[in-house]
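Undergrad: The structure follows.
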Amino acid sequence: MRILEHPNPALKQRSLEVDPASDTELRTLVAAMACAMYEAPGVGLAAPQLGVVKRVVVYDVDDELYAVCNPVIVERSEESECDEEGCLSVPGIGVMIPRSVRVTCEGVDLDGAPVRIEAEGLLARVLQHEIDHLDGVLVLDRCSAEDRRDAIRRYNEIHEQVG
């Protein structure tokens, strides 16, 4: 499966919750997502980035693959940090994005069992980034207007050279 790139309208859709007990294609989807993420290479990927409107994310920030269905940030620290983020759907571009330093995320695993993730640092950033994708939000939507203009200009220049 190919990772969709900006400005594909599918990236702006809000994803639908999944039921791991009844979704027989979920494990196949997660395997395809992991494959695409590692091939890119990246540390996280959301189903909408493959054109699948399901609330599923995969990530690997510590050499172990995780998949979470229906993830929701239930707590976030008041402390935030601005750092450069890239996105597999906006390849070649990094933008400065403020994110909470710590978050608590809840969801379910592929068997439908509850999952609670206490995350900080890179993992907290990855979870916030991927959950944004589930809500149809790209990093370009999170940065300042000036940074967005510059990022889109650079992105278009890269794609003109490649295309």
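Only the coordinates and a few stated rules stand behind these numbers; no lab work does. Everything numeric in this text was worked out from a predicted model, so none of it was measured. Note that each Cβ is placed from the backbone with ideal geometry, even for glycine, and that neighbours are counted across all protein chains shown.
Undergrad: Cα atoms only, segment 73-163: Rg and Dmax in Å?
TA: 15.2, 47
Undergrad: In addition: If I stretch the segment between Ala145 and Ile158 completely, what's the gain in nm (0.36 nm per residue apart, minus their alpha carbon distance), one decimal?
TA: On the way: separation 13, 0.36 × 13 = 4.68 nm, distance 1.99 nm.
My answer for the length gained is 2.7 nm.
Undergrad: I would also like to ask the following. From the square roots a ≥ b ≥ c of the eigenvalues of the alpha-carbon gyration tensor of segment 1-93, which class results: rounded (a/c under 1.5), prolate (a/b over b/c), or oblate?
TA: Numbers: a/c = 1.40, a/b = 1.17, b/c = 1.20.
Rounded, since a/c falls under 1.5.
Undergrad: In segment 9-162, if the dipole is taken from +1 on Lys/Arg beta carbons and -1 on Asp/Glu beta carbons about the Cα centre, which of Val137, Val108, Tyr66 is farthest to the positive end?
TA: In segment 9-162, that residue is Val137.
Undergrad: Here is a further query. Principal axes first, then extents: for the Cα atoms of the chain, list largest minus smallest coordinate on each axis, whole Å, largest first.
TA: 45, 37, 28
Undergrad: Can you give the charge dipole size of the chain about its Cα centre, rounded to the nearest 20 debye, using +1 on the beta carbon of Lys and Arg and -1 on the beta carbon of Asp and Glu? Numbers along the way, then the final one.
TA: On the way: 16 positive and 31 negative charges, 123 e Å.
Taking the Cα centre of the chain as origin, the dipole is about 580 debye.
Undergrad: Using the per-residue mean of other Cβ atoms lying within 10 Å as a proxy for protection, in what order, highest first, do the peptides 50-63, 73-86, 127-140 fall? Before the final figure, lay out each step's value.
TA: Values: 50-63: 18.9, 73-86: 12.9, 127-140: 20.9.
The densest-packed peptide leads the list: 127-140, 50-63, 73-86.
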